[in-house]
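Quick notes on the structure that follows.
Any read-out appearing in this document is the output of simple, stated calculations on the displayed coordinates, not a laboratory observation. Because the structure is a prediction, the values reported are computed rather than measured. Glycine gets a Cβ as well: all are built from the backbone with ideal geometry, and neighbour counts include every protein chain shown.
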Ligand SMILES: Nc1nc2c(c(=O)[nH]1)N(C=O)[C@@H](CNc1ccc(C(=O)N[C@@H](CCC(=O)O)C(=O)O)cc1)CN2
Ligand SMILES: Nc1ncnc2c1ncn2[C@@H]1O[C@H](COP(=O)(O)OP(=O)(O)OP(=O)(O)O)[C@@H](O)[C@H]1O
């Protein structure tokens, strides 16, 4: 089986497993992830943080969005992510793939102001490689020179932390991975 097929099957299995979590486990484990992030020095020191709005029972980070940081969220525009400043009272608009997005009029966040990126993932491995939904949005972002030096933390539930994922030339290692159990730093 080739890489593409292997990744596709793995993605399907892990998304299924995540969607099978009970609502209670999903909520409790999401809350633990938020707590672990709040205790993480890099998070505490970051003024501006990029995050995501959860779909398909991804870890829900909503609790953090009213904490004292500047928060940025993406709009999917063609094959890229455009990042906007967003606060809880601001509108959210249904975007691609059923993910809500800030308004196109919300202030744009330039890479210079961003201190930390919380990266959604279907799975991550011990080396900091990630498997996403296959759109390549974060692969492209993290490969572009302006964004590649910003620290990244992959956000997953513990069951999706695997010893080794299939790795392709464009995959960039994350700096850390946060689960409901702990945050592990990746040695590079
Ligand atoms: N919450 C959240 N927001 C996010 C991401 C994410 O992983 N999680 N993204 C992370 O990049 C971007 C959106 N990326 C996505 C890419 C593909 C699909 C998707 O549903 N794809 C189809 C099949 C596509 C194919 O195989 O060609 C599917 O899975 O049915 C969803 C989101 C930006 N926002
Ligand atoms: N730097 C890049 N420039 C152009 N295309 C890229 C780049 N990185 C990845 N791609 C393309 O994007 C797709 C990403 O596939 P892959 O299975 O690695 O996605 P993923 O990591 O699961 O998804 P995502 O980043 O959306 O969460 C591939 O088809 C690949 O050719």
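What the table below lists for this structure:
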read-out: Percent breakdown of C-alpha pair distances by 5 Å bin, ordered from the shortest bin, for region 90-188; value: 2, 12, 21, 21, 20, 14, 7, 2, 0
read-out: Whether region 1-56 is rounded, prolate or oblate, judged on the alpha carbon gyration tensor where a/c under 1.5 counts as rounded; value: oblate
read-out: Label point distance in nm, residue 87-residue 56, each placed 7 Å from Cα along Cα→Cβ; value: 3.4 nm
read-out: Rg/Rh ratio calculated on Cα atoms of the chain (Kirkwood radius); value: 0.93
read-out: Simple spin-label estimate for residue 78 and residue 5 in nanometres, 7 Å along Cα-Cβ; value: 3.3 nm
read-out: Region 91-188 - share of DSSP beta bridges that are antiparallel (%, nearest 5); value: 45 percent
read-out: Sum of -39500 (n - 2.57) over DSSP H runs of 4+, divided by residues of the chain (222 nm, nearest 500); value: -7500 deg cm²/dmol
read-out: Stretchable slack from residue 96 to residue 162, in nm (0.36 nm times residue separation minus alpha-carbon distance); value: 20.9 nm
read-out: Label-point separation, residue 25 to residue 187 (7 Å along Cα→Cβ), nm; value: 3.2 nm
read-out: Candidates 74, 59, 41: whichever shows maximal mean-square fluctuation once the chain is modelled as a Gaussian network with Cα springs under 10 Å; value: 41
read-out: DSSP beta bridge pairing in region 3-185, given as percent antiparallel to the nearest 5; value: 50 percent
